[in-house]
Amino acid sequence: MALPFARSLRLCRWGAKRLGVASTEARRGISFKLEEKTAHSSLALFRGDTGVKYGLVGLEPTKVALNVERFREWAVVLADTAVTSGRHYWEVTVKRSQQFRIGVADVDMSRDSCVGVDDRSWVFTYAQRKWYTMLANEKAPIEGIGQPEKVGLLLEYEAQKLSLVDVSQVSVVHTLQTDFRGPVVPAFALWDGELLTHSGLEVPQGL
């Protein structure tokens, strides 16, 4: 459900102030950690909050601190750094996961939704050994990349683009045309295994 404009504006301002905004002057991309306050109770962060693992049972909801920023229905976690401009690149190492989503989302997306389900998040999803783009719950298949060990994401804010990068070939596999209206943050959803993020990277030559 869409948020009232005034509340949405306040949240965007909160996002830029609370999360911090990535510098766009340097070639080096954003440096971020995963924000524990947003993580669903089935997710546990590790390695200095740069990795996330899924637990079938997860943490006892009663033992998880109540927070309006936490995802309540879906296994989603957001990063702690917002982007409002520039080109940024980060990578994700996939460990024993056969079902996950990676991309970006509005800082104020509904915590009762999942990334890729609404129109305020843009993701690449891997499921049933195939890649798809996903926006507003619509999936489209992606060819040319197999089961991942590591993949890259290239965010071009002014160009309104998010690209999936084949790290081994240093080439763009697929680009999503987006519609950013405010600050966005790296976003992750996970239903098995682990994901490890690598940020603070320079945009590779040729991308």
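The values are calculated or read from the model by the stated rules, or taken from the named source; none is laboratory data. Keep in mind the model is a prediction, meaning the values are calculated, not measured. All Cβ positions, even for glycine, are placed from backbone atoms using ideal geometry, and neighbour counts span all protein chains on display. Heavy atoms of the whole protein, side chains included, go into the accessibility calculation; ligands, DNA and RNA do not. Shrake-Rupley method; radii C 1.70, N 1.55, O 1.52, S 1.80 Å.
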How many nm separate the modelled label positions at Asp119 and Gln160, each set 7 Å beyond the Cα in the direction of the Cβ?
1.2 nm
Pull up the cross-link candidates among the aspartates and glutamates for Lys37, meaning alpha carbon to alpha carbon under 12 Å and not fewer than 8 places away within one chain.
Asp49, Glu69, Asp80
Spin-label pair Ala44/Leu201, simplified geometry with 7 Å Cα→Cβ offset, distance in nm:
2.7 nm
Consider a paramagnetic label point 7 Å from the Cα of Ser168 along Cα→Cβ; state which residues of the range 128-152 have an amide N under 11 Å from it.
145-150
For Val94, what accessible surface area do you get with a 1.4 Å probe? Give it in Å², rounded to 10.
20 Å²
Peptide ranges 137-150, 76-89 listed from the most packed, as the mean C-beta count within 10 angstrom indicates:
76-89, 137-150
Hey, for a label at Glu69 modelled as a point 7 Å past Cα toward Cβ, could you say which residues of the range 105-147 have their backbone N under 14 Å away?
107-109, 111
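Could you give the dipole magnitude of the range 36-201 about its Cα centre, charging the beta-carbon of Lys and Arg +1 and that of Asp and Glu -1, in debye to the nearest 20? Write down the numbers at each step before the final one.
On the way: 18 positive and 21 negative charges, 77 e Å.
Dipole of the range 36-201, to the nearest 20 debye: 380 debye.
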Distance (nanometres) between label positions extended 7 Å along Cα→Cβ at Ala140 and Gln177:
0.9 nm
